[in-house]
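What follows is a set of notes on a single structure, which appears directly below.
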Amino acid sequence: MLSFYSTNNHSLKVTLKEAVLCGQAPDGGLLMPDKTPQLDPALLKDFSNLSLTEISCEIAKTWLDHETISFSDLKKIVEKSISFDAPIIRLTGDIAVLELFHGPTLSFKDFGARFMARLIEHYNSSEEKDLHILVATSGDTGSAVAQAFLDIPAIQVIILYPKGKISTIQEKQLTTVGHNVTALEIEGTFDDCQDLVKKAFRDPELRKSKRLTSANSINIARIIPQTFYYFYAFSRLKESPFVVSIPCGNYGNLTAALFAKKMGLPIERIVAATNINDAFPKYLKTGVFIPQPSQPTLSNAIDIGNPNNFKRIENLFGGAFQEVQRAIYGISFTDQQTTQAIQELYRSNHYLMDPHGAVAYLGLLSYQKNCRNTQGVFLETAHPAKFQDVVEPLVGKKINMPQSLKKTLAKEKCALLLPNNYEKFKEYLLS
Ligand SMILES: *Cc1c(COP(=O)(O)O)cnc(C)c1O
């Protein structure tokens, strides 16, 4: 049976259920599968006839823990959560883009958040007390999590975001959900929001009266569904060797690609593309990982100086640095390069990228310059309309807003303003 060990202590093991409900190991480590699930290579050949949802079911099955969930329940979870498309568009002879922004909040985080929400619903169904999910967000995570848990019974979602420090679109997406989702607008920074959440988890009095969990990106239930679309991309492109280029922030998406490769997907190399927050590309050069304070850029969802999946990546290679180098090609780009790429691809192919997709596109170009004749796909992780302010002036035209976003923008903001003060936050939670 599949179990999960802590990156701090390999003999500390938990089930899938515990991993999903707790998010991290009891000793604070990250959870890793004790063996990587394997996909039958014969199945891979048949994938070209299956839909994204059907492929997702096959992959999910390999992660199954029969003692805590049946296949038919897991299949329902996949069908409910991976219920939107991920089109692949060929842009040139050797470059394709995988669009991961067709979910309800228009970012790829819908894949992870929706699957995790349904899995938590499944595991929570036997509990008597409501589960409270606390999330601090600097943007996309909060809205994906809010939408994912909307109207799931016995679950309350509380989202903390820094007042005045997220975009108008992001704020609307967070504060207009309603029902079992509450947005708290904190008079502080993102770090202050995160500290409030962390304090709550450590507070024995709170823990006694409320069931609390987090829904942040280290939960393995967010990584698993991100393996699905790599198999899907391969089934449609049918090119081998093939390379995927990923815009990386916390490196969850990259970790999922490494899992997919280990499960049997013939990915030749993975490009870890990022902005000037380049601790990981530097590590790939030197072998030394030095976290940095994060610096703001146009691709703000990846402004992360200390990626929280680093330990997972290290663990996947058992600390063998040369193998990490062989599997991953790392590179970083400035905002100027990013905006130029958006303009150039729009001019040449009439394809409009958001700043994150542009970073991944640049990563792929750089890789292909060194390794010709490699087929590549880059990930477009957010709809360009979410970055309207950046993108519109670059291409000199109005972007078509997706209908769902128009609706969200027309709704009234509903948030509770709180000072950056733990006692006030706690009072709210206990009320
Ligand atoms: C979160 C996010 C990323 C980074 O994903 P990680 O898994 O944290 O590396 C990239 N692009 C967008 C649009 C995001 O919201």
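The values are calculated or read from the model by the stated rules, or taken from the named source; none is laboratory data. Predicted, not measured: the structure shown is a model, and the values here were computed from it. Heavy atoms of the whole protein, side chains included, go into the accessibility calculation; ligands, DNA and RNA do not. Shrake-Rupley method; radii C 1.70, N 1.55, O 1.52, S 1.80 Å.
The Rg/Rh ratio of the stretch 149-245, with both radii computed over alpha carbons and Rh defined as the Kirkwood radius, is 1.10. Let me know the whole percent of all Cα-Cα pairs from the stretch 294-409 that are separated by more than 17 Å. Result for the distance tail: 64 percent. Per the Kirkwood treatment, what hydrodynamic radius in Å, one decimal, follows for the stretch 28-148 from the mean inverse distance over all distinct Cα pairs? Averaging 1/r across every pair of different Cα atoms and inverting gives 16.6 Å.
With a 1.4 Å probe and all protein chains left in place, how much of the accessible area of the stretch 1-72 comes from carbon and sulfur atoms, in whole percent? Exposed carbon and sulfur together represent 51 percent of the surface. When the Cα atoms of the chain are aligned to their principal axes, the ranges along those axes come out at 61, 52, 42 Å in descending order.
Only Cα sites of the stretch 1-59 enter the Debye sum here, all with the same form factor; the resulting log10 I(q)/I(0) across q = 0.12, 0.21, 0.24, 0.30 1/Å is -0.42, -0.77, -0.85, -1.13, listed in q order. The lysines within cross-link reach of residue 35, meaning a Cα-to-Cα straight distance under 26 Å and a gap of 8 or more places when in the same chain, are 13, 17, 45, 61, 75, 76, 109, 261, 262, 311. Backbone geometry of the stretch 269-278 corresponds, through the Karplus equation with coefficients 6.51, -1.76 and 1.60 at θ = phi - 60°, to 3J(HN,Hα) couplings of 8, 10, 9, 9, 9, 8, 8, 5, 7, 10 Hz, x marking Gly and Pro. For residue 165, a cut-off of 14 angstrom between C-alpha atoms picks up these aspartates and glutamates, skipping any fewer than 8 places away in its own chain: 140, 185, 187, 191, 192, 303.
Taking every C-alpha pair closer than 8 Å and separated by at least 6 residues, the mean separation divided by the residue count of the chain gives a relative contact order of 18 percent. Only protein atoms count toward the accessible area here, which uses a 1.4 Å probe; on the stretch 131-179, the carbon and sulfur part of that area reaches 46 percent. Dividing the summed helix terms, -39500 (n - 2.57) for each DSSP H run of n ≥ 4, by the number of residues in the chain produces a 222 nm estimate of -13500 deg cm²/dmol to the nearest 500. Restricting attention to the stretch 339-431, lysine pairs at least eight places apart or on different chains and with alpha-carbon atoms under 22 angstrom apart total 12.
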